[in-house]
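The values are calculated or read from the model by the stated rules, or taken from the named source; none is laboratory data. Here the structure is a predicted model, which means the values were calculated and not measured. Glycine gets a Cβ as well: all are built from the backbone with ideal geometry, and neighbour counts include every protein chain shown. Calculation scope for accessible area: heavy atoms of the full protein, side chains included, ligands and nucleic acids excluded. Shrake-Rupley method; radii C 1.70, N 1.55, O 1.52, S 1.80 Å.
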Amino acid sequence: MKEDILHNLGIINERIKKACEKAGRNPDEVKLLLATKTVSAERIKTALQNGQTLIAENKVQELKDKYDDLKDTPHESHFIGHLQTNKIKDILKYNVVCIQSMDRLDLAGKLHQRLVSEGKTIEILIQVNTSEEESKFGVHPDKAVELTRKVAEFSTLKIKGLMTIGLFSAETEKVRSCFKILKKLQQEIISQNIPNVQMKELSMGMSGDLETAIEEGATIVRVGTAVFGARVYPDSFYWDEGK
Ligand SMILES: *Cc1c(COP(=O)(O)O)cnc(C)c1O
């Protein structure tokens, strides 16, 4: 079981390296984030003790459940799931460095209020629904620049870039067009020079499409199944929550 994880990590790192070579990019520009939903703390630890540093959960409950078991193993924790406003107080207890799934103004406003009262700041990526599938969260691409502008007015939220989940499709070119939309939005936002906004991170690409994402400029790829194996729950359990 431990061997599986190490073997899979080797394969993923090789895939990232090859994709970077093909795209003429330096592999140091691409971070591997492990999507750890449904994965036990013990298995996550195996990855963290073997060179991995970046992990992310989709649900505050799972973050909470695994927190004590992982807190003494060095790592950086991100959040990539749909965040409900009634979970804001809770999520701030678990040392999350970056919320990648910021997709609406009311969430930003409430998060800011809470951060102010705790004297903290947090990193944010704006999640964009580039596939325009109803089942997926994220701001519509047409509204992404405007949302970025408004979220940037909250001084506790440090915008570092954009995140998307590409279309689930075997047709690479359709998936690629999602990643191109995110890259284009990044360029547009950079050109507007919005105060309090950095656009250095593009979080896109997962187990099935990370090569395409890297070719289109990903700086963070989020990988779950290709490292930890298939999940018991369907992804809709994580992505349709509250809809
Ligand atoms: C689960 C998940 C991933 C990883 O998906 P895999 O296909 O298992 O690699 C990436 N991003 C988000 C937002 C996820 O929920």
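Check whether at least one residue in segment 110-132 is part of a strand (DSSP E or B), among the aliphatic types (A, V, I, L, M) and surrounded by fewer than 16 Cβ atoms within 10 Å (Cβ to Cβ), and report yes or no.
Step one: list which residues in segment 110-132 are part of a strand (DSSP E or B), which gives 122-128.
Keeping just the survivors that are among the aliphatic types (A, V, I, L, M) gives 122, 124-126, 128.
Subsequent filtering for residues that are surrounded by fewer than 16 Cβ atoms within 10 Å (Cβ to Cβ) retains none.
Within segment 110-132, none of the residues are part of a strand (DSSP E or B), among the aliphatic types (A, V, I, L, M) and surrounded by fewer than 16 Cβ atoms within 10 Å (Cβ to Cβ).
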Margin query: Between a residue in segment 119-131 that is of a type in the set (D, E, K, R) and any residue that is modelled with pLDDT of 95 or more and part of a strand (DSSP E or B), which pairs come within a Cβ distance under 6 Å, given they are 6 or more apart or on different chains?
Written below: 123/97; 123/98; 123/158; 123/160
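On the basis of being within 14 Å of the ligand (Cβ to nearest atom), within 23 Å of residue 235 (Cα to Cα) and in contact with a strand residue (DSSP E or B) (Cβ under 8 Å, 6 or more places away or on another chain), does residue 167 make the cut?
Working: within 14 Å of the ligand (Cβ to nearest atom): yes; within 23 Å of residue 235 (Cα to Cα): yes; in contact with a strand residue (DSSP E or B) (Cβ under 8 Å, 6 or more places away or on another chain): no.
Considered against the rule, which asks whether it is within 14 Å of the ligand (Cβ to nearest atom), within 23 Å of residue 235 (Cα to Cα) and in contact with a strand residue (DSSP E or B) (Cβ under 8 Å, 6 or more places away or on another chain), residue 167 comes out as no.
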Next item on the list: Could you please tell me which pairs satisfy a Cβ distance under 7 Å, a separation of 6+ or placement on different chains, a first residue in segment 84-101 that is at positive phi and open to solvent by 50 Å² or more (accessible area, probe 1.4 Å), and a second residue that is at pLDDT 95 or above and within 16 Å of the ligand (Cβ to nearest atom)?
Entry: 95/77
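Have a look at 211, 153 and point out the one that is part of a helix (DSSP H, G or I), more than 10 Å from the ligand (Cβ to nearest atom) and touching a residue at least 24 places away in the same chain (Cβ under 8 Å).
On the way: 153 fails: part of a helix (DSSP H, G or I).
Just one listed residue meets the conditions, 211.
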Next item on the list: Kindly list the number of the only condition in (1) closer than 29 Å to residue 62 by Cα; (2) open to solvent by 10 Å² or more (accessible area, probe 1.4 Å) that fails for residue 227.
Entry: (2)
Check: When residue 202 is evaluated against the numbered criteria (1) under 16 Å from residue 103 (Cα atoms); (2) without any contact (Cβ under 8 Å) to a residue 40 or more places away in the chain, which criterion, by number, is the only one it fails?
Finding: (2)
Notebook entry, point to check: How many residues are at pLDDT 95 or above, in contact with an Asp or Glu (Cβ under 9 Å, 6 or more places away or on another chain) and surrounded by fewer than 17 Cβ atoms within 10 Å (Cβ to Cβ) if we restrict to segment 155-171?
Noted result: 1
Check: Which of the residues that make up segment 22-54 are open to solvent by 50 Å² or more (accessible area, probe 1.4 Å) and away from the ligand (no atom under 16 Å from the Cβ)?
Finding: 22, 24, 26, 27, 28, 29, 42, 45, 49, 50, 51, 53
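What's the total number of residues in segment 179-208 that are outside any helix (DSSP H, G or I), within 16 Å of the ligand (Cβ to nearest atom) and touching a Gly at 6+ places or on another chain (Cβ under 8 Å)? Outline the logic, then answer.
First pass over segment 179-208, keeping only residues outside any helix (DSSP H, G or I): 192-208.
Then keep just the ones that are within 16 Å of the ligand (Cβ to nearest atom); that gives 201-208.
Next cut, touching a Gly at 6+ places or on another chain (Cβ under 8 Å) only: 201-207.
So the count comes out to 7.
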